[in-house]
Amino acid sequence: MSEGSLALLAFAALWAALAAAHSAAETITFDGTATVLSALTVHIKDPRCNQRHLGKDYLYVSPVNTSDTALAPVQVAAGPDLQQQLGVATGDLLLNLTLLAPGDTGKEVYNGSTLYVKSITYIISTCGWSESIGADDYHQLCSYGKVVWGPDNNIIVGPVEVPCSGSVQVSASRSAAYNGSSKCGLYEQMAWRTAGEAAARELGYGAWIDAAKQAFGLRVIAVLPAEVPCPWLGLASVGCAGRYCETYIKGTAAADLPSFFHELGHNQGLGHAGAHLDEYGDGSDVMGNAGNGANGYLCLNSAYAYRVGWATPAEQLQVQDTPGGTYLTYTVPATATTDANYLLLNFSASGPGVPPYSYPYPYPNYYVSLRSRTPTYDNILPNKINDQVWVGAAAAKK
């Protein structure tokens, strides 16, 4: 049996078990699309560790048949690294507990034209807790100007006062109870998000929201009070496959640049940056253990910068370029200075008549780059990585 089949069986078994735990009215039997959200935490109670760490992933499923008023979105699973464990990704179509078709995970890739991000941010106040604030200009810096958050396309609304508890509309004719003072689940998140959108529409942004959703890829960001009982600092959709994708930022993380950008990186389809069998272990990348807890700018490693189209190789070598017994010398510029900034060793590709290195598995790509701190780009790069050559391996694809 294939690895993919095992993953689907594991997913079906887990889904069935979770469905059995619900009442008959809540049994999960509908066809739906998946949304995977990834959470970020900080061990703030441990004085020895102020680093950012992986939290849980959450899998939500929304019904495809929205005209069936008995159906509503539901959380299916929570746990570490659900995309790998269950073989499911944002945008996948699920049919009778089986992956019917993989969806577009919503990776946002630069293709030669500047990407103008559209977002709407709701500053939430609830349960008597004061609103937090947040800002972002990370994208333009780390993408070398390829991705721009301009004032015309990014709207901030708030503070928006949301009742502490009540009911939220989850389908055309169905509501669900929420309680933001004691819970932080799917329905609480829906309550914060829908209250924000209602406030934005009252301010006259309805046509803009509708047009942005129609164009797909609208970022919907809810900045929450520090006191909300959420077990994470941030939670975001991995990929922006539908009309919009969600990001929730809690409390002091709203002013923490790496935490904010980490969650928005998930919206672009990026997973976590790992090292040494640690899914979250790459301290050189904001999608990993960014900056050892410091607040500032840390950009992407070369593999992820390649994946989203922000950086290109200064040189690229394939199998035929590296015969045994030869030595080659290359100079790579610091990643902060230019977008053509790394040496790509692509040994899974080769020229005519030269077999690639592929036994027993295809080689990953190797990326060689020089990371150096500047006053802005990579200004919280850890000392042990600063002015050092970085070598990473990844099967990164655009």
> Tell me, what is the per residue accessible area of the stretch 135-182 in Å², probe radius 1.4 Å?
Replying inline: 48
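First select every other residue whose beta carbon is under 14 angstrom from the beta carbon of Tyr330; then total the charges, Lys and Arg +1, Asp and Glu -1. Before the final figure, lay out the partial values.
Working: positive: none; negative: Glu315, Asp321.
Local net charge: -2.
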>> Just to confirm a number: summing +1 for Lys and Arg and -1 for Asp and Glu over residues other than Ser130 whose beta-carbon lies under 15 angstrom from that of Ser130, what do you get?
In response: -2
> Which of Lys56/Lys183; Lys56/Lys250; Lys183/Lys250; Lys56/Lys213 have a Cα-Cα distance over 20 Å?
Replying inline: Lys56/Lys213
> Pulled fully out, how much extra length does the chain show between Glu161 and Gln214, if you take 0.36 nm times their separation in residues and subtract their Cα-Cα distance?
Replying inline: 16.4 nm
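The values are calculated or read from the model by the stated rules, or taken from the named source; none is laboratory data. Keep in mind it's a predicted model, so treat the numbers as computed, not measured. Backbone-built Cβ (ideal geometry, glycine too); neighbour counts: all protein chains shown. For the accessible areas, the whole protein counts, side chains as well, though only heavy atoms, and no ligand, DNA or RNA atoms are used. Shrake-Rupley method; radii C 1.70, N 1.55, O 1.52, S 1.80 Å.
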